[in-house]
């Protein structure tokens, strides 16, 4: 859930930085505001789980997790409302928002022109057009990857909601695969952003190189300390 809303927050960040490039939104774009907001909204959105999810003990003495929709009233209506709510809050709403924001960004970049000389004579404009194309590609790839990753599991949720009966073997394995596809987006999406956005690549490179450089400095310091200790010992022995 938090990863889905993180993707939406990144879309908002790109929207404000490109569409309103001359204005600053320090409070909204602050990590101290964004990260707690994402987690709080995610927890609030999944509050129904606190009601329907129960841990029960089987006759064999094992504990299993079950969904008890009877606590929400009529079971059939509760099941329909619950699964349609999940589809709306986790898939339709974030997908709609990110599609609109990235679509507006693409439209803004395509329609924006710089006054001055032609493209062939203006290197700065050539670089700007290259950046535009890269942002448009990234926007399309991110939205399509999100939509395709979560589509199978939410199709299943809609079918659950309308009361469709599944009658085939290995149903549990099938559902496991659909959930895996959805959650795999959390692993794929950061690599897409790192590939397309220079700022993300710089931060990622810093995350990798800084610990390695500190480790290297620590190793060199330990090596010098060891050499110094051995030298002092040899000098003492000689005397």
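The values are calculated or read from the model by the stated rules, or taken from the named source; none is laboratory data. Because the structure is a prediction, the values reported are computed rather than measured. Every residue, glycine among them, receives a Cβ derived from its backbone with ideal geometry; neighbour counts consider all protein chains shown.
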Unique residue being without any contact (Cβ under 8 Å) to a residue 12 or more places away in the chain, in contact with a helix residue (DSSP H, G or I) (Cβ under 7 Å, 6 or more places away or on another chain), loosely packed, with under 15 Cβ neighbours inside 10 Å and part of a helix (DSSP H, G or I) when the list is 201, 133: 201
Criterion violated by residue 163 - all others in (1) touching a residue at least 12 places away in the same chain (Cβ under 8 Å); (2) assigned to a helix (DSSP H, G or I) satisfied: (2)
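Can you name every one of the helices (runs of 4 or more DSSP H) wholly within the stretch 1-118 that holds 2 or more residues which are under 24 Å from residue 147 (Cβ atoms) and modelled with pLDDT under 80?
Numbers: elements: 2-19, 31-45, 48-52, 75-87, 93-111.
Correct list: 2-19, 93-111.
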Members of the stretch 34-59 that are over 17 Å from the mean Cα position of the chain (by Cα) and without any contact (Cβ under 8 Å) to a residue 24 or more places away in the chain: 44, 47, 49, 50, 51, 53, 54, 55, 56, 57, 58, 59
Set 148, 176, 192: member being closer than 21 Å to residue 94 by Cα and loosely packed, with under 15 Cβ neighbours inside 10 Å: 148
